[in-house]
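The values are calculated or read from the model by the stated rules, or taken from the named source; none is laboratory data. All values derive from a computational prediction rather than experimental measurement. Heads up, the Cβs are rebuilt from the backbone with ideal geometry, glycines too, and the neighbour counts pull from every protein chain shown. Quick note on the areas: whole protein, heavy atoms, side chains included, nothing else; ligands and nucleic acids left out. Shrake-Rupley method; radii C 1.70, N 1.55, O 1.52, S 1.80 Å.
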Amino acid sequence: MGYIAIKGGETAIGQAQELLEFLRTHSFTANPLSLDQIQHQLHFLHSRVLSEGGLYHPELASLAIKQSMGDTLEAAFYLRAYRSTRPRLSETPLQGGKNMRLIRRISAAFKDIPGGQMLGPTSDYLQRLFRFELLDESPEQFRKIAKSWLQETPKEALPTTFPKVLESLRQEGLLPSVSECPNRPFDITREPIVFPVTRSAALATMARAETGSILAIAYSNMRGYGDIHPTVAELRVGYLPVQMPHLVTGELIEVGEILMTECEVVAMYDAEPNQNTPTFGLGYGACFGHNEVKAIAMAILDRALQKGMKHSPDHPSEDPEFVLLHIDGIESMGFASHYKLPHYVTFQSDLDRLRSTQNQSR
Amino acid sequence: MIQSLTDEAIQKNGASVGVLNTASSETNRYNYQFGFLDEYAKKEVRRTLLKAVAIPGYQVPYASREMPIARGFGTGGLQITLSLIGSNEILKVIDQGSDDSVNAVNIRKFVATTCPGVTLTRQTAEATLIQSRHRIPEKRLKFGQILVLQVPYPDPLVVVEPSEEKRKIMHGDGDYARLWVKLYEDMVKFKEITISHRYPTRINGFYVIDPSPIPRFDVPKLHQAEALCLFGAGREKKIYAVPPYTDAEPLSFSDIPFRVEDFTDEQGNRRTCQRCGSMTSFLNELIDSKGAKVYQCSDSNYCDSQLGDQK
Amino acid sequence: MIPQNHWVRALTAHSPQTIQSLAERLTLNWKVNFKALPQAGLSLLQMEDGVFHEPYYLGEIPLVSAWIELTNSAQESFEGAAQVMHDSEELAIALAICDAIMTHHLPGWQNIAELIQQGMEKRIWEDQQRGLMLAKTRVNFSLLSQEEDDAGY
Amino acid sequence: MLAIDAIWQAETQQKIFRALLNCMSLPGEIADLSPYLGNSSALLGVLATLLDGTVSLSDEDELISQQVRHLLQAHTASSEIANFVVKDATKPPQEGFLPNLGELPNPEKGATLILQGETLGVGDLPLLLRGPGVNGTRKVSIAEFHPEWFIHRQQWVENFPLGIDLFLVTFTQVMAIPRAITIENLKLKI
């Protein structure tokens, strides 16, 4: 009780770290998690950390999850901090999502889309019944699953790149025209966000936002604090080939690929004062890894923020300052955590002021 | 395999040569370099520091990087420390005046890990660089020493003006009228200035700074100090400075002077540290095991050295 | 012949050690100079948003680059360069050497061509697996439409 | 292995920076950079320490070789807008020369002017400094820096916080005069 200064913190800190390590290992018989196990068996956790960390580094994302013992905020924090140790060398040329090598592609707007709908690896239609046989899954059974899947020879393997669903709507004239001369994108990692912000700053901030935070604000819009009424035109998950110019020839070379999720929503149309024909509103969401709920939430907020930037915001989810300053997991968790630090000195000053003010009023 | 980087090669393609890290690239590809931050980040902080010193009290914006300790734990101070530090440094880290406070221990450990060769010390007098949260050491800092203070809220005008754009204009004009009004209203309401810590202080007769959450007790130590004082706000992305031999005056009225924390007891005597007996230091109020209120120096190294002197 | 823009993708299907040891072996009689210091760091991934086609930054990726020049005893010089999403400068240097040897058909280029061929086959197999994921989970709407009509009840 | 001049190495740049920070905090203090410079001049040591691709440099007197300009990575800008302006100070400033003085809300945009001269510490031009970082007043003598530079400086820094910050360099030495400093004896001298 009271405000007792902690002395001998050095020992306590060391012991606390060791205790955490003990918690992680906890028994004499358990095996350490391998980075590969984390990347694959904890696929969605891994994806979440990649996206919230803002750095596509699958190996270090696994290590971050291992070290943080599965705390998503902490794990993303490891990646963010690591970025500060690496020089910024360049930026890539503009990459387009239509080049993604897909493993999943669906549309809620149209039954039949050019190229077809492919569910890919999804948990959407799982009945959340426990598979009790996994309680003691043997390594043999575990390995058999992948083996038997791979044994099937691709008789009719589909191509993996497809056009965007929105393109057909755009050709029909149902969508607003694309930006004519887009600005240079805003780099949120180097420049402080000062309002009003550009849409590119909002997209970059949301792409690395904390999933729960961005979902909660988007949900407020879905429930009635907003009126976006989105329809998912296309949701796609796949591997984007990343291209960089060859240093000698300048020709674009594929230097690697990233797993990412992209979502495009069509929203209720707006009556634009200076536009003769009304067109659908549009929202876009994307992030590293396989994070569908996050991409959908982002697409909805993109649309909501466009509205808030154009007219004045009617709801929190349409207010760029409210949304963008409160969705970063590293910032918010850091500030919440800092209240755990000792404030003995400032509190002593507070006590002094209150007592002296009380004396004055007596 | 690689034989040499010829001068000619540098000449042709100098554009990619900025800073060469002396750390060997032969080692594990995931090693952290000396000082953790990449060299371009350090350069930016260094340029910012020079402007901060050249324009005393002005909050210079910079692209604060994410640090491996949480925002609010001293990321601004740490970025300054890492941009300053060399392998011959003698570093002291304190939090609440104490070298053993958990946050101080943590930051010291971090620097020791990422800056091999740096000497760590608890002795205020022998440190070349001191990073601190919430206190300026009791022992007067000397010429040549650098004090780095961690800052949560850098702008003293934020209590009267929420828009940063407008605050920047007010600072540029040296217009602190609304801050004076706020102090005056306080006085009328409470007959006391209610600001307990982070006391607004005018530097070199122009800019007013938030001196970080040091107690009022520490504010006069900034005035005409021999040491260089640097302030880092990581979350708010600002750096500012009070150079040595510079005026630092807490805002006050002639009839209600600036007052430091009062440590006199009911009988009107100055309370003393129950440990070293100091009658001049800033004291922490503690509750002992019997529930009685006792007082002890907040600056642990000062308290220890007072005890040592008595022996 | 596999085009140059797929070399890095094909070669990185092999372990870095495989590429590095081959590059080292093939340059035993060459002088290798840097045209620019090899650099390991991050690159900003610039994406086009899918609805208004505006550029924005999705996040950062690790990137390492190397630009080298091979010189033989006859003082003939040949350039090669590579960038790859990785952290190892050694890997980028090895890829840049492979690039120089392949581009200019220097001695040993067939060994690299072979590695590229094998790597590409592995990548094609990976693409086929992805295609298979799609093929197996494709929704057949001609069968579904009946059920969907029933779903109203 | 790699033969890179000392001034491009991280360890050296840290040391040079500390010397510069010390000079900026204590106007009139003269730092000898020769232990860190290898074969380079103090001017290059200062530039290598402070510049990268995110800032601009003006070098109208061509004090820096083309090769080093590439290594510095800074983009070239005219002297009115550059963040860093390098001048040969043995000659007087050209007619109409005016560096960026910054803006009231953003005074840090005022340029850092680096003047190349001959001698610091002794010479026929005494400067009497007063202001932040100076304990009372401080007198420092220099030579082969044209006096007109200091007269112009006085006009540039008249409206604090607007102004420029000066580094004076010789082949191995450096000294700083930030904008808040008053040079008290100027009128007497010229």
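For B:LYS191, a cut-off of 17 angstrom between C-alpha atoms picks up these aspartates and glutamates, skipping any fewer than 8 places away in its own chain: A:ASP350, A:ASP352, B:ASP255, B:GLU261, B:ASP262. Compactness of the range D:62-190 was expressed as the Cα radius of gyration divided by 2.2 N^0.38 Å, which yields 1.05. Using only side-chain charges placed at the Cβ, +1 for Lys and Arg and -1 for Asp and Glu, the dipole size of the range C:53-122 relative to its Cα centre rounds to 180 debye. Starting from one equal scatterer on each C-alpha and no solvent at all, send me the Debye-based log10 I(q)/I(0) for chain C at q = 0.18, 0.19 Å⁻¹, two decimals. Per q value, in the given order, log10 I(q)/I(0) is -1.08, -1.14.
A dipole drawn for the protein assembly as shown from +1 and -1 charges on Cβ atoms has a positive end, and of A:HIS46, C:PRO38, A:THR122 the residue lying farthest that way is A:HIS46. All alpha carbon pair distances within the range A:51-170 were sorted into 10 Å bins beginning at 0; the resulting P(r) in whole percents reads 9, 21, 30, 30, 10, 0. Projecting the Cα positions of D:PHE160, D:ALA82, D:LEU71 onto the charge dipole of chain D (unit charges on Cβ atoms of Lys, Arg, Asp and Glu, taken about the Cα centre) puts D:PHE160 furthest along the positive direction. With respect to chain D, whose longest principal axis is taken over its alpha-carbon atoms, helix D:10-25 is tilted by about 0°. Structural descriptor for chain B: relative contact order 19 percent, calculated from alpha carbon pairs under 8 angstrom and at least 6 residues apart.
Surface composition of the range A:10-83: carbon plus sulfur atoms hold 60% of the accessible area, using a 1.4 angstrom probe and ignoring ligands, DNA and RNA.
Buried surface between chains C and A: roughly 6600 Å² of accessible area, summed over both sides, computed with a 1.4 Å probe on protein heavy atoms only. Taking label positions 7 Å along the Cα-Cβ direction at both A:GLN171 and C:GLU114, the computed distance is 4.8 nm, reported to one decimal.
Using the Cα atoms as the points, what is the convex hull volume per residue of the protein assembly as shown in Å³? Display every interim value, and only then the final one.
On the way: hull volume 240.1 nm³, N = 1016.
Looking at the protein assembly as shown, the number lands at 236 Å³ per residue.
Separation of the alpha carbons by more than 32 angstrom is noted, of A:LYS111/A:LYS294; B:LYS42/D:LYS87; A:LYS164/A:LYS310; A:LYS164/B:LYS42; B:LYS109/B:LYS168, for A:LYS164/B:LYS42; B:LYS109/B:LYS168. Straight-line cross-link reach from A:LYS147 at under 23 Å between alpha-carbon atoms covers these lysines, not counting any fewer than eight positions away in the same chain: A:LYS155, C:LYS122, C:LYS136. Computed per residue of chain D from DSSP H runs no shorter than four, each worth -39500 (n - 2.57), the mean residue ellipticity at 222 nm is -7000 deg cm²/dmol.
Extension gain A:LEU134-A:ASN99, at 0.36 nm per residue separation less the Cα-Cα distance, in nm?
Working: separation 35, 0.36 × 35 = 12.60 nm, distance 3.75 nm.
Additional length available on full extension: 8.9 nm.
Just reorder A:THR346, D:THR119 by solvent-accessible area, largest first, 1.4 Å probe, all chains present. Before the final figure, lay out the partial values.
Details: A:THR346 10, D:THR119 45 Å².
From most exposed to least exposed: D:THR119, A:THR346.
Using a cut-off of 25 Å between Cα atoms, the listed pairs A:LYS66/B:LYS92; B:LYS43/D:LYS109; B:LYS189/B:LYS221 include A:LYS66/B:LYS92; B:LYS189/B:LYS221 as exceeding that distance. Annotation for B:LYS293 and D:ILE81: the two label points, set 7 Å from Cα along the Cα-Cβ direction, are 6.3 nm apart.
Apolar share of the accessible surface for the range B:262-311: 45 percent from carbon plus sulfur atoms, 1.4 Å probe.
Placing unit charges on the Cβ atoms of the charged side chains and taking the dipole of the protein assembly as shown about its Cα centre, the candidate lying farthest along the positive direction among B:GLN131, C:GLN4, A:ALA299 is B:GLN131. Across the range A:189-280, C-alpha contacts under 8 Å between residues 6 or more apart give a mean separation that, scaled by the residue count, equals a relative contact order of 21 percent.
Using a Förster radius of 60 Å, what is the FRET efficiency between A:LYS144 and A:CYS181 based on their Cβ-Cβ separation? Nearest 0.05, please.
Numbers: r = 56 Å, r/R0 = 0.94.
The formula returns an efficiency of 0.60 here.
In this Cβ point-charge picture (+1 for Lys and Arg, -1 for Asp and Glu), the protein assembly as shown has a dipole of about 2120 debye about its Cα centre.
Only Lys, Arg, Asp and Glu count, each charged at its Cβ (+1, +1, -1, -1), so figure out the dipole size of chain A about its Cα centre, rounded to 20 debye. Before the final figure, lay out the partial values.
On the way: 35 positive and 42 negative charges, 82 e Å.
I would put it at about 400 debye.
The label-point distance for B:GLU226 and B:THR264, in a model that sets each label 7 Å from Cα toward Cβ, rounds to 3.2 nm.
Cβ under 11 Å from B:ILE193's Cβ, B:ILE193 left aside: what net charge do those residues give with Lys, Arg +1 and Asp, Glu -1?
+3
For the range B:262-311, the relative contact order is 30 percent, taking Cα pairs closer than 8 Å that sit 6 or more residues apart in sequence and dividing their mean separation by the residue count.
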